[in-house]
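Report on one structure; see the data block that follows.
The values are calculated or read from the model by the stated rules, or taken from the named source; none is laboratory data. A quick note: this is a predicted structure, and the numbers were derived from the prediction, not measured. Backbone-built Cβ (ideal geometry, glycine too); neighbour counts: all protein chains shown.
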């Protein structure tokens with residue numbers, strides 16, 4: 001897979017849910033060092049699918065999924081679905097998450113491309129700001145997002161659907177970018 005260039009980026013469909021679970025879990029395998037369990041299961045992926053838009057990058061003649069990202073609109077602290085389901089988020093804030101790139105395809109600009117697609121999707125429905133969060137146990141991620149124009153906006157306590165392994169300390173770094 002490492003030599004295949006993604007041929008297209010599109011909006012995910014329900015048929016993509018199972019392959020997306022596998023892609024995200026493979027891409028987030030590094031979390032197994034400090035978190036219990038897998039990153040996502042089918043039910044959680046269905047929740048993301050229902051709450052916003054998941055974009056996927058395909059590669060090769062079979063259309064294998066090699067990257068994905070999820071974008072949704074925030075309403076205050078609550079996340080609501082309307083990206084891009086015909087709703088307007090004029091002046092609103094979007095949230096971008098679940099950026100996943102197949103490990104064999106990293107270093108080819110896919111993360112940058114997927115983030116641009118998610119930002120464009122939010123911008124096209126009226127969002128003027130995008131937010132994301134990263135775990136402090138992954139110190140390589142804030143600089144990646146900073147190169148994409150995001151700035152650190154805060155730190156919060158770890159509150160995630162997965163448990164930290166015993167003895168691990170972790171917090172959440174919030175980042176944002178004006179669109």
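General remarks:
- Test: residue in the range 101-108 that is closer than 21 Å to residue 175 by Cα, under 18 Å from the mean Cα position of the chain (by Cα), at pLDDT 95 or above and surrounded by 14 or more Cβ atoms within 10 Å (Cβ to Cβ): yes
- Flag for residue 56 being under 13 Å from the mean Cα position of the chain (by Cα) and not in a helix (DSSP H, G or I): yes
- Any chance residue 11 is in contact with a strand residue (DSSP E or B) (Cβ under 9 Å, 6 or more places away or on another chain), surrounded by fewer than 17 Cβ atoms within 10 Å (Cβ to Cβ), modelled with pLDDT under 95 and at negative phi: no
- Across the range 50-69, not a single residue is classified as under 20 Å from residue 160 (Cβ atoms), surrounded by 13 or more Cβ atoms within 10 Å (Cβ to Cβ) and out of contact with any strand residue (DSSP E or B) (no Cβ under 7 Å at 6 or more places or on another chain).
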